[in-house]
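The values are calculated or read from the model by the stated rules, or taken from the named source; none is laboratory data. If you're wondering where the values come from, they're calculated on a predicted model, not measured in any experiment. Reconstructed Cβ throughout: ideal geometry from the backbone, glycine too, with neighbour counts over all protein chains shown.
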Amino acid sequence: MKKIKSVHVKPVFATALKVLGFILFLILGIFIFYRVQIRDLTKLGYSEVASNRILFSKNKQKVMSIGENKTLNLAFESDDFNEKYFQNYAKIKYIEQDHLIQNINQLLKVGYSNQDINIILSHGTSESVEAFAKRDKVHYLEEFFSYDFAKLENYDRYVQYSDETGEDELETIIYVNLDNDQVDYDYSELVSKFSLDMLVNKHHRLDENFAPSDLTVIEEEYASEADMQCSRLALNAFKEMYRAAEAEGYQLVINSAYRSYQDQVDLVNFYFDAYGQEYVDKYVAKPGYSEHQTGLAFDIGSRNSRTFANSKEFVWMKDNAYKYGFIMRFDERYEDLTGFRKEPWHYRYVGKDIAKYVYEHNNMSLEEYYVLFLDK
Ligand SMILES: [Zn+2]
């Protein structure tokens, strides 16, 4: 009995083992084949998730011929992937923004070209692109957004401002980015951090408690009154400039430097009592909107002349102030940009790099410099 039983069982068992071995071999083979395919894609920079989806969507050959592509990678990772936009994803430049694929889908649906979408994405934030994608297709996209500092969220204001004034695109973008298309003081951004390149004007304000972090008293020999204060950095630069001027026979003096928020309140009241509201509106900055509160601005005079604009010191400053990091802030050429009438005596310390750039570019306004390089 025992013998017969073992004769029957052995071949059945052996066959089962063989089948099992074959199945295991097949699974292993498929797995290796699958891993090789995935590896081809991950080597190109596609993630595991994206590579998996690419394989199962049968797009592997297309993706392999396109090569590395971050937008395509994100599209395959995303639940918003739309097969009919495959070629578009491949041609739209990747940018780090939330809901990127969703926004691209929406912009394609509205009718924008791949090139249009590249322009839109590179001038917007996650929020502004999302809002823009919800609108109907707009005109003049390339006209305004050929400048890299043009902002997507300002699109309507660009169109309105250039329609109303006839200004060209560049002027329009600079003006609107500075919020100069808004009523003075009505619409302003709060500036809270002290820095050499900070911008304070009728659309960029300081709060009541702001003071420069390095406030220091100005020695009497440099100033027309005792106990004036300013930023130490600015004072050091002024002293350097003062000595250079002195060596050439020029006598500079500081007539006004740091003014606190409360000082500006008092100043406004003083001019209001003396000359009335119209004068104040025109010539005196409201508290919080004066550059003197930064501690980086000086009203400079000449010890040789009562009118600084007519002094030889003024002429010297024109070609020398920048070497020490100072720029004349309010030129009549750009009253519209700064919001202030010309003030030949008002200088601002911005550091040597910015001052040199400004000097070498036709003494552009700090406002223009801000739009071009600082307003990120
Ligand atoms: Zn001033």
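Of the conditions (1) under 24 Å from Asn209 (Cβ atoms); (2) within 16 Å of the ligand (Cβ to nearest atom), Thr338 satisfies every one except a single condition; which number is it?
The one condition Thr338 does not meet is (1).
Check Ala321, Ala309, Ala234, Ala245 and return the single one that is farther than 25 Å from Val183 by Cβ, touching a Leu at 6+ places or on another chain (Cβ under 9 Å), hydrophobic (A, V, I, L, M, F, W, C) and within 16 Å of the ligand (Cβ to nearest atom).
On the way: Ala321 fails: touching a Leu at 6+ places or on another chain (Cβ under 9 Å); Ala309 fails: touching a Leu at 6+ places or on another chain (Cβ under 9 Å); Ala245 fails: within 16 Å of the ligand (Cβ to nearest atom).
Just one listed residue meets the conditions, Ala234.
Looking at Arg348 and the list (1) modelled with pLDDT of 95 or more; (2) more than 14 Å from the ligand (Cβ to nearest atom), which single condition is not satisfied?
(2)
So Leu121 ticks every box in (1) aliphatic (A, V, I, L, M); (2) assigned to a helix (DSSP H, G or I); (3) over 16 Å from Gln106 (Cβ atoms) but one. Which box is left unticked?
Of the numbered conditions (1) aliphatic (A, V, I, L, M); (2) assigned to a helix (DSSP H, G or I); (3) over 16 Å from Gln106 (Cβ atoms), the odd one out for Leu121 is (3).
Suppose the filter is in contact with a helix residue (DSSP H, G or I) (Cβ under 7 Å, 6 or more places away or on another chain) and away from the ligand (no atom under 15 Å from the Cβ); does Tyr279 pass it? Spell out the reasoning first.
Details: in contact with a helix residue (DSSP H, G or I) (Cβ under 7 Å, 6 or more places away or on another chain): yes; away from the ligand (no atom under 15 Å from the Cβ): yes.
Answer is yes for this residue.
Return a yes/no flag: does segment 165-179 have any residue that is closer than 23 Å to Ile327 by Cα, in contact (Cβ under 8 Å) with a residue 24 or more places away in the chain, outside any loop (DSSP other than H, G, I, E, B) and polar (S, T, N, Q).
Yes, some residue in segment 165-179 is closer than 23 Å to Ile327 by Cα, in contact (Cβ under 8 Å) with a residue 24 or more places away in the chain, outside any loop (DSSP other than H, G, I, E, B) and polar (S, T, N, Q).
Return the pair list, or none, for Cβ contacts closer than 9 Å from residues in segment 182-201 that are in the same structural domain as Val284 (by TED's automatic domain parsing) and surrounded by 16 or more Cβ atoms within 10 Å (Cβ to Cβ) to residues that are hydrophobic (A, V, I, L, M, F, W, C) and assigned to a strand (DSSP E or B), at least 6 apart or on different chains.
Val200/Ala297
Suppose the filter is part of a helix (DSSP H, G or I), in contact (Cβ under 8 Å) with a residue 12 or more places away in the chain and more than 30 Å from the chain's Cα centre (by Cα); does Ala309 pass it?
Working: part of a helix (DSSP H, G or I): yes; in contact (Cβ under 8 Å) with a residue 12 or more places away in the chain: yes; more than 30 Å from the chain's Cα centre (by Cα): yes.
Yes: the conditions hold for Ala309.
Please go through segment 221-259 and give me each residue that is over 16 Å from Asn320 (Cβ atoms) and over 37 Å from the mean Cα position of the chain (by Cα), ordered by number.
Passing the criteria: Glu221, Tyr222, Ala223, Ser224, Glu225, Ala226, Asp227.
Looking at Asp375, Asp331, which one is surrounded by fewer than 17 Cβ atoms within 10 Å (Cβ to Cβ) and not basic (Lys, Arg)?
The unique qualifying residue is Asp375.
Quick check on my filter: what residues within segment 62-83 are under 15 Å from Gln102 (Cβ atoms) and in a helix (DSSP H, G or I)? Steps first, please.
Looking only at segment 62-83, we keep the residues that are under 15 Å from Gln102 (Cβ atoms), and these are 71, 74-82.
Selection gives Thr71, Leu74, Ala75, Phe76, Glu77.
Between a first residue in segment 109-129 that is in the same structural domain as Glu96 (by TED's automatic domain parsing) and closer than 14 Å to Ala150 by Cα and a second residue that is among the aromatic types (Phe, Trp, Tyr) and assigned to a helix (DSSP H, G or I), which pairs have beta carbons less than 7 Å apart while being 6 or more apart in sequence or on different chains?
From segment 109-129, the pairs are Ile119/Phe145; Ile120/Phe132; His123/Phe145; Gly124/Phe132.
What are the pairs with Cβ atoms under 7 angstrom where one residue, in segment 215-226, is outside any helix (DSSP H, G or I) and the other, located anywhere, is surrounded by 11 or more Cβ atoms within 10 Å (Cβ to Cβ) and among the hydroxyl-bearing types (Ser, Thr, Tyr)? Sequence gap at least six, or different chains.
So the pair list comes out as Leu215/Ser231; Leu215/Tyr258.
For segment 254-293, name all the residues that are in contact with a Pro (Cβ under 8 Å, 6 or more places away or on another chain) and either assigned to a loop (DSSP other than H, G, I, E, B) or β-branched (Val, Ile, Thr) (or both).
Tyr258, Val265, Val268
Filter segment 282-306 for residues that are within 12 Å of the ligand (Cβ to nearest atom) and farther than 23 Å from Gly325 by Cα and give the result.
Listed by number, the residues that qualify are Tyr283, Val284, Ala285.
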